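Remarks on the structure that follows.
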Amino acid sequence: MSLSGIGYGADYAAYQGIVGTGFTVGGSAATSGAGDTGRAAIVNPGEDTQVHPGRRSSPAECQTCKERKYQDGSDECNVSFQTAQHISPTAAGAAVRAHEGQHVSNAYKKAAMNNGKVLQASVAIHTSVCPECGRVYVSGGLTTTKIKYSNEKNPYIENMKNRDKGLLSGMNFSAGA
């Protein structure tokens, strides 16, 4: 799943049922305007008001952080963030982790419904640095799952079972009286 901006997209590999989903963020880099005092208005209440060296604004005045939106880029319709939504930088970590957890849960449900087995499920959480205020924030996540499906009707599987049956028959012979 990927949010607008940096995207990882959904990758599907049919052979092993490998699914990669990324959840990322996009936003505007607009800066806030200065007031009569030469300082920008506080748009993120409760944040640090100190402007760090090399930055255009403080986290409290950062218009980019205020306008940052998250959106899922996968084709799973039953997960959060199907439309772009703002999440505060302090709550983004928990929201992204919960969202990626929905993708892992969906993989287990899909495997159970289709006679499959989840071989691997992992979540990577990505961080970025805001170019305007220098805040480190959770910018998205990537869920990767590998599902193996049992295909008993595949002719290759049938041939392999018949070959193994011929090799293994009679191996457990008991000559008990």
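The values are calculated or read from the model by the stated rules, or taken from the named source; none is laboratory data. It should be emphasised that the depicted structure is a prediction, and the values quoted were computed from it without experimental measurement. Using ideal geometry, Cβ is built from the backbone for each residue, glycine included, and neighbour counts are taken over all protein chains shown.
The condition of being farther than 27 Å from Glu47 by Cα and in a helix (DSSP H, G or I) does not hold for Ser74.
Taken as a whole, the condition of being closer than 30 Å to Thr145 by Cα, of a type in the set (Gly, Ala, Ser) and modelled with pLDDT of 75 or more applies to Ser80. If you take the residues in segment 87-115 that are in contact (Cβ under 8 Å) with a residue 60 or more places away in the chain and within 15 Å of Gly141 (Cα to Cα), which one is surrounded by the fewest Cβ atoms within 10 Å (Cβ to Cβ)? This residue is Ala92.
Is it the case, given these coordinates, that Lys109 is more than 30 Å from Asn151 (Cβ to Cβ), basic (Lys, Arg) and at pLDDT 80 or above? No, not satisfied. Take Val118 and tell me if it is in contact with a helix residue (DSSP H, G or I) (Cβ under 9 Å, 6 or more places away or on another chain) and surrounded by 14 or more Cβ atoms within 10 Å (Cβ to Cβ). Yes, satisfied. Taking interchain pairs and intrachain pairs at least six residues apart, which have beta carbon atoms under 9 angstrom, with the first residue in segment 142-154 and free of Cβ contacts under 8 Å to residues at least 40 places away in the same chain and the second among the hydrophobic types (A, V, I, L, M, F, W, C)? What qualifies is Ser150/Ile157; Asn151/Ile157. Is one or more of the residues making up segment 104-116 in contact with a Ser or Thr (Cβ under 7 Å, 6 or more places away or on another chain) and closer than 29 Å to Asn44 by Cα? The answer is no; no qualifying residue exists.
With respect to Ala84, determine if the residue is free of Cβ contacts under 8 Å to residues at least 40 places away in the same chain and either over 23 Å from the mean Cα position of the chain (by Cα) or under 30 Å from Gly54 (Cβ atoms) (or both). Before you say what the answer is, go through the steps one by one.
Details: free of Cβ contacts under 8 Å to residues at least 40 places away in the same chain: no; either over 23 Å from the mean Cα position of the chain (by Cα) or under 30 Å from Gly54 (Cβ atoms) (or both): yes.
No, not satisfied.
So in segment 119-149, with the set limited to residues that are in contact with a Lys or Arg (Cβ under 6 Å, 6 or more places away or on another chain) and outside any strand (DSSP E or B), which one is farthest from Ser57 (Cα to Cα)? Taking the candidates together, the pick is Gly134. Examine segment 49-70 for a residue that is modelled with pLDDT of 80 or more and either aromatic (Phe, Trp, Tyr) or within 30 Å of Val118 (Cβ to Cβ) (or both), and state whether such a residue exists. Among the residues of segment 49-70, at least one is modelled with pLDDT of 80 or more and either aromatic (Phe, Trp, Tyr) or within 30 Å of Val118 (Cβ to Cβ) (or both), which makes the answer yes.
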